[in-house]
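Shown next, in structure tokens, is the structure this report addresses.
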Amino acid sequence: MEGRNESDSSNDDSSAGRARGEFGRPLDDTVNHVPATLSDRGRLYALLRANQAVTENLDLPMVLQRIVETAVELVDAQYGALGVIDPVHGGLEQFVYQGVSPAVAKKIGHLPEGHGLLGALIDDPRPIRLEHLCEDDRSVGFPPHHPPMDSFLGVPVRIHGEVFGNLYLTNQQSDGRFSLEDEQLVGALAATAGYAIKNAQLFAETQRRQRWSAATAEITATLVSVEEREPIAVIAERVLEVSGAAHVRIVVPTEDPARLSIKVARGIGADVEGTMVPAVGSVSGAVLEGMNPRLIEDEDFSRIHPLLPEGHTPGSVIAVPLVANGQARGVLLAVREISAPRFTPSELEMVADFAGQVTLAMELADARNAQQQIVLYEDRTRIARDLHDHVIQQLFASGLELQSVAGTLTKRSNIERISNVISTLDAAIVQIRTIIFSLSSTAPGSTPSLRHQIIDLVNEFDGGLAQTPTVTFAGPVDLVIAGGLADDVIAVVREALANIAKHANARSASIAIAVEDGAVKIDIEDDGVGISPDGRRSGLANLEERAARRGGRFILDAGMVGTRLRWHIPLTANKNSDEN
Amino acid sequence: MKTESLIRVVLVEDHELVRRGIAELISAESDMDVVAEAGTVAQARSRIAATNPDIVLLDVRLPDGSGIDVCRSIRQEAPQIRCLILTAYDDEDALYAAVLAGAAGYILKDIRGNRLIEAIRRVAAGHSLLDPTLKKMVTHRMREASSGEDPRLDALTGRERQVLNLIAEGLTNREIGQRINLAEKTVKNYVSNILSKLGLQRRTQAAVLGDRAHRSG
């Protein structure tokens, strides 16, 4: 307050104007070298200190508070406030004040919204200076509990020519009225305040960008490295955290064009996850269709599908399409409540950038997986082809050769030995056929064939065997065993494997599935200790029942060593029932 | 000259050791003889025409084409000659191949020779080795495919589906051409495409058929 007491000048020349020459020097130097004795100089000193005070902070709410405090101090006002104008809707968006205690503010209730004198300054952004504000036509009076205010000074705060808000000062304490000089001082402060606010906004924006960029990097890393977590959930969580939204959801199309599904929801009302929303009359539907990011705040949210649970009112919504390969795969929605600051266009831009980067990362991850699948597939195809073209043919040719040799032999034991070798070769060929088949994979999205299902079942089986059970197929197994019959066959194999795992204490096992001689035959053998009669009758009874229902039979031969399970059913009785 | 008692066999197989082994096996039988051997589609066509055999044993995969194509042309040009598909593939593929080819049956490359010899005798006596029930199931599947009900065969074009449907009816390439107003050669190309696409969903064949389709196409 040093400057104020000594300066009572009614000099119409602007002190700020005459001070221009001083600005060539660094601010601190200037401040420290200004003698405080002359009244002009004193006011200048106060203004410089005020300027420094408002520019030394970078946090926007803090900057606004400091501007008000400093202005109040500069012209010895009792009350001061900064009203921030809502750039979209007019009126006041924020009201930062000084001098009114929180208790009084609470009694008054709502903050000023920009009517009366405050509104006049918004409509016509030129300084207003009044000795008695109640005498002005534009005054609309005060609400109950409002402290009495008399003298008034209002000055617009501009950023790059745009009015950001207004500084309001009331009740000049030393003179009871604001002078022209006060008006000029506050005007000069308002100019600096504009820059300080702009700086703080830029800083906040930079910080937001940094947070988004960190989130993007993190999501990208997650998408590339983690497979077990749904990446879409990670995305929703990060957006919730970084955007300061109350609720975030990702909505995806369903097979029904009229309905969309909330794939992930986070924040308040997260329990809508998994529910459906109509495509028409929802924000998501509109954005999916248009494929453009949207900032929505003017819409009557009560008329569309609710975005927040009861008791919460949406204020502004960012809706960004997740576009992959030119198609909208979903919509990301971030919702803030009415009480929170609205999303800004730059935030919309950041969320849209984020969504773009993330979908790109998802596409890349997908492409990389597909690439690996193709490499694997090509590899397997090559192995399968080699096995087919070379190994089977060689074994077959060698076997035929042996067969011819056997024809020339006379000694019975030799013929038998060769015959045994041929049997071994034949078994090897059958095994290789199964291997060739299992090397091929099922086309994505289609149901695996019965043979694939059986092979998968056996490969996943962990029954303490020394080796994976061997599987052989004979006859057109996939063609014939379909529908309900396939369910039966899988159930039989599963039950048999479970028995081997639990009871047999076996080292090896074999599974043969054949369609031959008009029958479907399952033969499963193991070299274990055989079957104990207790414990698992229900499973076996089930197999028996399944065989009987198809006019077949179920036989279990359990010797001292090894068990042989046979489940045979005639094809003729079942061929029609599987057409369904 | 062909005698009534001797079954005259042409053997079409590109793997030399395999061909020699089978030829020895057949020649060891008193009621049959190998009258010609071929390792390619081209050799097969000329030698079959030259010898007019009773039975042709055909490998599915040949270096310059498919045994299925050869079989289809034999059925058209000389329906009295009966074909047996000989393959190292599994039953599933072999059965489809045999039905597509219009063959009397298929034999998997298992060594137990009596099965092969028995098969030749039965086919020569006028029997089909294809179980009518199974054959019906295959043509049913093919019809499903041709009517677009089988999503695994989405790769087939409308024209290919049409051709597949007529194959399932048992028509020759020429008959198909007459039915849908296409040159026989065009039908043959469609058949080759269908074979390779059907092979695509039974993947082992895809690797082999895909290769060959490029060379023969």
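A few points about this structure:
- You will find that of A:Phe354, A:Phe396, the residue that is crowded, with 16+ Cβ neighbours inside 10 Å and facing chain B (nearest Cβ under 10 Å) is A:Phe396 and no other.
- Filter pass, B:Ala88 being free of Cβ contacts under 8 Å to residues at least 40 places away in the same chain, surrounded by 24 or more Cβ atoms within 10 Å (Cβ to Cβ) and aliphatic (A, V, I, L, M): yes
- Lone qualifier among B:Pro132, B:Pro151 - being within 14 Å of chain A (Cβ to nearest Cβ), at pLDDT below 90, under 29 Å from B:Pro53 (Cβ atoms) and out of contact with any Cys (no Cβ under 7 Å at 6 or more places or on another chain): B:Pro132
- Of the residues making up the stretch B:25-45, those that are within 26 Å of A:Ser398 (Cβ to Cβ), more than 9 Å from chain A (Cβ to nearest Cβ) and surrounded by fewer than 18 Cβ atoms within 10 Å (Cβ to Cβ) number 6.
- Scanning the stretch A:292-307 for residues that are farther than 14 Å from A:Ile250 by Cα and surrounded by 14 or more Cβ atoms within 10 Å (Cβ to Cβ) turns up A:Arg294, A:Leu295, A:Ile296, A:Glu297, A:Glu299, A:Phe301, A:Ile304, A:His305, A:Pro306.
- In the stretch A:357-393, residue nearest to A:Arg211 (Cα to Cα) [restricted to those that are within 7 Å of chain B (Cβ to nearest Cβ) and polar (S, T, N, Q)]: A:Thr381
- Considered as a group, the residues in the stretch B:96-107 that are surrounded by fewer than 23 Cβ atoms within 10 Å (Cβ to Cβ) and not in a loop (DSSP other than H, G, I, E, B) include one that is nearest to the other protein chains (Cβ to nearest Cβ), and that residue is B:Ile107.
- Any hit, the stretch A:175-184, residues being among the hydrophobic types (A, V, I, L, M, F, W, C) and within 21 Å of the chain's Cα centre (by Cα): no
Residues checked against (1) in contact with a strand residue (DSSP E or B) (Cβ under 9 Å, 6 or more places away or on another chain); (2) not hydrophobic (A, V, I, L, M, F, W, C):
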| residue | (1), (2) |
| --- | --- |
| A:Leu118 | yes, no |
| A:Pro127 | yes, yes |
| A:Glu131 | yes, yes |
| A:Glu135 | no, yes |
| A:Gly141 | no, yes |
| A:His146 | no, yes |
| A:Phe152 | yes, no |
| A:Val155 | yes, no |
| A:His160 | no, yes |
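- Just so you know, in the stretch B:55-69 the residues that are hydrophobic (A, V, I, L, M, F, W, C) and within 12 Å of B:Asp14 (Cβ to Cβ) include one that is surrounded by the most Cβ atoms within 10 Å (Cβ to Cβ), and it is B:Leu58.
- Screening the candidates A:Val358, A:Val375 for the property of being modelled with pLDDT under 85 and touching a strand residue (DSSP E or B) at 6+ places or on another chain (Cβ under 8 Å) yields one hit, A:Val358.
- Just one of the listed residues (A:Ile415, A:Ile383, A:Ile429, A:Ile374) is among the hydrophobic types (A, V, I, L, M, F, W, C), closer than 19 Å to B:Leu25 by Cβ and surrounded by fewer than 17 Cβ atoms within 10 Å (Cβ to Cβ), namely A:Ile415.
- Unique residue being part of a helix (DSSP H, G or I), among the small types (Gly, Ala, Ser), more than 30 Å from A:Arg329 (Cβ to Cβ) and in contact (Cβ under 8 Å) with a residue 40 or more places away in the chain when the list is A:Ala361, A:Ala384: A:Ala384
- When residues of the stretch A:441-461 are limited to those that are surrounded by 13 or more Cβ atoms within 10 Å (Cβ to Cβ) and modelled with pLDDT under 60, the one farthest from the other protein chains (Cβ to nearest Cβ): A:Thr442
- Of all residues in the stretch B:12-24 being buried (at least 21 other Cβ atoms within 10 Å of the Cβ) and within 12 Å of chain A (Cβ to nearest Cβ), the one that is farthest from the chain's Cα centre (by Cα): B:Gly21
- The set of residues in the stretch B:51-78 that are among the small types (Gly, Ala, Ser) and in contact with an Asp or Glu (Cβ under 9 Å, 6 or more places away or on another chain) contains only B:Gly67.
The values are calculated or read from the model by the stated rules, or taken from the named source; none is laboratory data. What you see is a predicted model; the values in this text were computed from it and never measured. With ideal geometry, Cβ positions are generated from the backbone for all residues, glycine too; neighbour counts draw on all protein chains shown.
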